[in-house]
Amino acid sequence: MRIPMIAGNWKMHKTRDEALQFIYAINMEVPKSTYVETVVCAQAPVLRDLVKRQGENVRIGAQNMHHETEGAYTGEVSAALLENIGVDYVIIGHSERRAYYNETDETVNSKLHQAIRFNLKPIVCVGESLETRENHETDAFVHKQIEKALLGLGKAQVEKLVIAYEPIWAIGTGKTATSEQANETIATIRQRIGELYDEETADQVRILYGGSVKPENIESLMKEPHIDGALVGGASLNAKSFMQLVASAYNQ
Ligand code: 13P
């Protein structure tokens, strides 16, 4: 049984006051985390404030971290610090980080190992460009991202992972993959994990869809058998629309 997850990725949005207002607005409304896991991923400087004020069933996540434990890496954030301040989740390999900050499948793999070492739960992002989809190369491309990301991880570690399938062409564009398209690709990711590990691992790993998820399309996405929830950008910024997404995941 995979517990559904709605994870908000605020990206570079919200001041401290806005972040706190949001957390106070949702704390009491969030269903038990045994039914739906509700995660808010914020900018690093506000994470500690959110952790201190998170309601019983809300989980806080970072949007990135460095793969080294410490050192001369000006401007970076370590997994050790994230663990130390009580953060639960960390997004790794978001397509924006791959596109703008040169993250590669190799750095994604190093970061995954490092996150797990410091008891953070990774949300690993994969997804293809429009060109790759139009060339009918989506499955091969996404499978390669998965294989490289998971290199060296054992079954017990992979079972606890959250993977987010986010087609780049659907992020922030208003173009959602149809729920069938999303389900199809997610099913092949699950199948590939089954081949790399075993059926049980493939059954346990949670795979989210991300890309223009909104209250209007969440229901049809959640109905699909392989989609375990959503990683949400724009629609996670407003407490009301975020809670509509969480409620839909709960009612599914
Ligand atoms: P949007 O929901 O704004 O399309 O962003 C998706 C995303 O990148 C979440 O990580």
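The values are calculated or read from the model by the stated rules, or taken from the named source; none is laboratory data. The structure displayed is predicted, hence computed values, not measured ones. Here the Cβ is made from the backbone with ideal geometry for all residues, glycine too, and neighbour counts use every protein chain on show. What goes into the accessible areas is simple: the full protein's heavy atoms, side chains included, and nothing from ligands, DNA or RNA. Shrake-Rupley method; radii C 1.70, N 1.55, O 1.52, S 1.80 Å.
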Please compute, for the alpha-carbon atoms of the stretch 1-148, the extent along each of the three principal axes and give them in descending order in Å.
46, 39, 29
Mind putting together the pair-distance distribution for the stretch 154-246? All Cα pairs, 5 Å bins, whole percent per bin, short to long.
3, 15, 24, 22, 16, 11, 7, 2, 0
I need the peptides 73-80, 157-164 ranked by packing, meaning the mean over residues of other C-beta atoms within 10 angstrom, with the highest value on top.
157-164, 73-80
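Diagonalise the Cα gyration tensor of the stretch 104-216 and give the resulting equivalent ellipsoid semi-axes, square root of 5 times each eigenvalue, largest first, whole Å.
Numbers: eigenvalues 108, 44, 39 Å².
Over the Cα atoms of the stretch 104-216, the ellipsoid semi-axes are 23, 15, 14 Å.
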Quick check on the chain: what are the equivalent-ellipsoid semi-axes from the Cα gyration tensor, as sqrt(5λ), descending, whole Å?
25, 22, 17
Just report the Cα centroid separation between the stretch 108-125 and the stretch 46-98, whole Å.
11
Please report the accessible area of D203 (heavy atoms, 1.4 Å probe, ligands and nucleic acids excluded) in Å², nearest 10.
90
Considering amide H positions built from the backbone, and no H for Pro or chain starts, which residues 5 or more places from G210, or on another chain, come under 5 Å of its amide H?
Y165, E166, L231
Round to a whole number: what % of the accessible area of the stretch 83-198 belongs to carbon and sulfur, probe 1.4 Å?
49
So how strong a dipole does the chain carry about its Cα centre when Lys and Arg Cβ are +1 and Asp and Glu Cβ are -1, to the nearest 20 debye?
740
Counting only helical runs of four or more DSSP H residues, what would the 222 nm mean residue ellipticity of the chain come to if each run contributes -39,500 (n - 2.57) and the total is spread over all its residues?
-12500 deg cm²/dmol
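Heavy-atom accessible area per residue, the chain, 1.4 Å probe: how many Å²? List each step's numbers first, then the result.
On the way: 11700 Å² over 252 residues.
Per residue, the chain has 46 Å² of solvent-accessible surface.
Once you charge only the Cβ atoms, +1 for Lys and Arg and -1 for Asp and Glu, what is the size of the charge dipole of the stretch 101-173 about its Cα centre, to the nearest 20 debye? Walk me through the numbers before you get to the answer.
Working: 8 positive and 11 negative charges, 110 e Å.
Dipole size: approximately 540 debye.
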For H113, what accessible area in Å² do you get when you roll a 1.4 Å probe over the heavy atoms of the protein chains, rounding to the nearest 10?
70
Given a 10 angstrom Cα cut-off, can you work out which residue in N109, N27, N84 is the most mobile in a GNM of the chain?
N84
Once you've got the GNM for the chain with C-alpha springs shorter than 10 Å, pick whichever of L153, L82, L221 has the biggest mean-square fluctuation.
L153
With all protein chains present and a 1.4 Å probe, how do S110, S95, S236 order by accessible area, largest first?
S110, S95, S236
For the stretch 1-30 and the stretch 153-223, compute the distance between their C-alpha centroids and round to whole Å.
21
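Please state the charge dipole magnitude for the stretch 64-142, taken about the Cα centre, from unit charges on C-beta atoms (+1 on K and R, -1 on D and E), reported in debye and rounded to the nearest 20.
Numbers: 6 positive and 14 negative charges, 59 e Å.
Rounded to the nearest 20 debye, it is 280 debye.
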If the cut-off is 17 Å between C-alpha atoms, which lysines fall inside it for K214, apart from same-chain ones fewer than 8 positions away?
K11, K175, K223, K240
Please list, ordered by chain and number, the residues whose modelled amide H lies under 5 Å from the amide H of K121; skip anything fewer than 5 residues away on the same chain.
Y89, V90
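Express the C-alpha Rg of the stretch 89-164 as a ratio against the empirical globular expectation 2.2 N^0.38 Å, rounded to two decimals. Kindly include the intermediate steps, with their values, before the conclusion.
On the way: Rg = 12.5 Å, N = 76, 2.2 N^0.38 = 11.4 Å.
Dividing the Cα radius of gyration by 2.2 N^0.38 Å gives 1.09.
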